[in-house]
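Working notes, structure below.
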Amino acid sequence: MRLSTRIALVVGAVVPLLVVASGWVLVGLVAKDLHTQADQRLDERARSVATAARGLLRVASHDRPQAEQAHQRKLFTSALDIGIRLTGPDGTVMDGPQPDPSVPLPGTTKHPVSVRSHGKTWRVMTIAVKGGQPRARVHGTLWLFSPDSASQAQIQLVRNRVITVAVLAAPLSAVLAWAAAAGAARPLRRLQQRTIGLDPHAGPARLEHTPTRIAEVDDLAHTLQTFLARYDEQAARTVEALATARSFAAAASHELRTPLMSMQTNLDILGAFQDLGPQDRRDTVDDLRREHGRLVGLLVMLRSLAQGDLVEAEALAPVDLADLADACVSDVRRSHPGAEVTFSAKPGLTVHGWQPGLRSLLDNLLSNALTHGRSTDSGTHVTVTLRPSGDGAAPAAVLTVDDRGPGVPPGQRRTILRRFHRRPGSPGYGLGLTLVGQQIALHRAHLRVLDNPVGQGARFEVTFPLAPAGTSHAALPPHRDWLTDTAGHRRETGEERP
């Protein structure tokens with residue numbers, strides 16, 4: 001059932017009830033006014049009729065028939081069109097319209113009352129009358145009657161009109177309410193038609209809405225726009241997730257083919273040559289272990305790259321960079337006791353980020369420095385520094401990792417973030433710096449690859465924007481596709497800087 005039909009039915013049922021209720025009150029007020037008018041007329045006549053009644057009782061007490069007849073005519077004349085009944089010691093005198101004598105009449109009252117007789121209603125006023133000398137006073141009772149038929153007719157007329165108006169108001173109010181509701185619901189129908197016309201499969205679901213100055217319609221349109229925007233966002237994230245899954249499968253298939261084939265070859269050798277010498281067997285098994293380790297390492301790093309592409313904004317939280325960097329350096333010192341790793345940091349540098357991703361960034365920067373930053377004469381020396389930015393711009397933290405290796409030639413500094421890009425002779429997987437670049441983009445940081453300012457080697461300098469006080473959320477970059485070649489190609493060609 002349409003909303004306009006529902007409103008029409010409700011109005012069509014409620015309006016007659018309101019008319020009847022109002023008519024009931026109106027009938028009561030009209031009846032009260034008519035009774036008041038009749039009572040006022042009875043009260044006005046009562047003064048003259050009571051005087052004539054006292055005169056009649058006085059002459060009746062002296063036994064003067066002619067005078068009694070004259071006062072009786074005077075009594076009837078003063079009554080005019082109302083009925084009277086006078087009861088005294090010598091009997092009852094009555095004239096004019098009045099109830100049947102058998103109907104009980106009220107005693108003395110200050111105000112008229114209603115009396116019913118044979119289906120008719122009368123307004124009756126009772127007056128105690130006294131006549132004669134003080135020593136021979138005569139007492140009597142005077143009743144004045146006013147028929148209530150005219151008042152009842154008027155009241156019935158008003159009642160019939162109220163019923164007629166109620167009956168006519170039902171369909172008329174329903175039709176008018178339906179027309180008004182249909183007009184008010186027209187913006188809703190237009191909004192419905194525009195919403196039905198949206199096709200999420202054809203592109204982003206955008207709802208164009210012109211304000212109608214109807215609060216409910218505009219609020220509903222705003223709610224739909226918000227819902228569709230979230231739908232578009234989730235649809236985009238789903239597409240990115242599918243692309244990431246396909247890229248993961250393609251990368252795993254491509255990069256794991258070589259170690260798997262090498263392992264298969266070594267297994268074939270072990271199976272085909274049962275009399276293989278002990279040294280050759282040990283070399284083959286060692287080769288299998290290396291390939292297996294490389295295989296596991298590739299899978300772990302590809303998984304980390306996929307997690308970085310799929311992380312949601314809800315995973316971001318305040319992270320103390322000094323504490324995180326200190327933990328990373330401590331782990332490196334334990335796992336590489338022969339390397340000299342120095343660390344200095346200023347506490348209180350907090351960023352709003354993904355803690356596992358920031359840990360991955362620091363671990364891979366340190367791993368890269370330990371792998372490629374070994375000097376030929378003095379071993380491995382890595383210096384890690386964390387300090388606030390001193391350029392006077394927005395508050396930021398600057399992380400530097402210095403080594404004493406051969407450095408990074410200027411021509412290769414744009415390509416080192418590409419997936420599977422490795423320096424000749426590198427024992428790595430070509431994904432460590434790709435993970436670094438991914439986390440730099442995820443945290444809206446900035447990376448510079450420089451020469452070591454104190455001598456031979458390379459410096460990796462990362463600038464992180466600090467989290468303002470009270471920050472509870474942060475936006476993620478719109479596109480994250482580090483598992484594909486697209487991101488690395490953009491950075492290689494200079495289209496986008498990490």
What full-extension length gain, to one decimal in nm, is calculated for Ala215 and Glu314 as 0.36 nm per residue of separation minus the Cα-Cα distance?
32.4 nm
So the FRET efficiency between Ala229 and Leu18, C-beta based with R0 = 41 Å and rounded to 0.05, is 0.35
Total formal charge among the other residues, if their Cβ is under 11 angstrom from that of Ala313, Lys/Arg +1 and Asp/Glu -1:
-2
Check each of the GluC sites (Glu not before Pro) in region 299-353 and keep only those in coil by DSSP with at most 14 other C-beta atoms within 10 angstrom; list them in order.
Glu312
Quick calc: nm separation of the 7 Å Cα→Cβ label points for Met94 and Met261 -> 13.4
Length added when fully stretched, Arg387-His292, from 0.36 nm per residue minus Cα-Cα:
30.2 nm
Using the Cβ atoms and a cut-off under 15 Å, what net charge is assigned to the surroundings of Thr210, where Lys and Arg are +1 and Asp and Glu are -1?
+3
Long-range amide H contacts for His209: which residues qualify at under 5 Å (H placed 1.01 Å from N, peptide plane, sequence gap of 5 or more or a different chain)?
none
Stretched out fully, how many nm does the piece from Arg413 to Leu276 gain, at 0.36 nm a residue minus the Cα gap?
44.6 nm
Ranked output for segments 438-451, 93-106, 8-21 by mean other Cβ atoms within 10 Å, highest leading, reads 438-451, 8-21, 93-106
If I model a spin label as a point 7 Å beyond the Cα along the Cα-Cβ vector, how far apart are those points for Ala67 and Asp323 in nm?
12.5
Computed over region 1-158, Kirkwood Rh from alpha-carbon pairs, angstrom
18.3
Dipole of region 66-120 (Lys/Arg Cβ +1, Asp/Glu Cβ -1, origin at the Cα centre): which of Gln69, Val93, Val113 lies farthest to the positive side?
Val113
Taking θ = phi - 60°, what integer Hz values does the Karplus form 6.51 cos²θ - 1.76 cosθ + 1.60 yield along region 138-147, in sequence order, with x for Gly and Pro?
10, 10, x, 10, 10, 10, 10, 10, 10, x
Less than 11 Å Cβ to Cβ from Val115, Lys/Arg counted +1 and Asp/Glu -1: what total charge do the surrounding residues give?
+1
Checking the table Lys32/Lys110; Lys32/Lys74; Lys110/Lys130 against a 21 Å threshold on Cα-Cα, which pairs fail?
Lys32/Lys74
Distance in nm between pseudo-label sites at Leu176 and Asp43 (7 Å out along the Cβ direction from Cα):
4.1
Amide H proximity to Ala345 below 5 Å, modelled H, separation 5+ or other chain, gives Leu386
So who's got an amide H within less than 5 Å of the one on Asp148, skipping anything under 5 residues away but keeping other chains? H placed 1.01 Å off N, in plane.
Thr121, Trp122, Arg123
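Coordinate-derived values only; no laboratory data. Keep in mind that this is a model prediction, so the values were computed, not measured. Quick reminder, even Gly has a Cβ in these numbers, built from the backbone with ideal geometry, and neighbours come from all protein chains shown.
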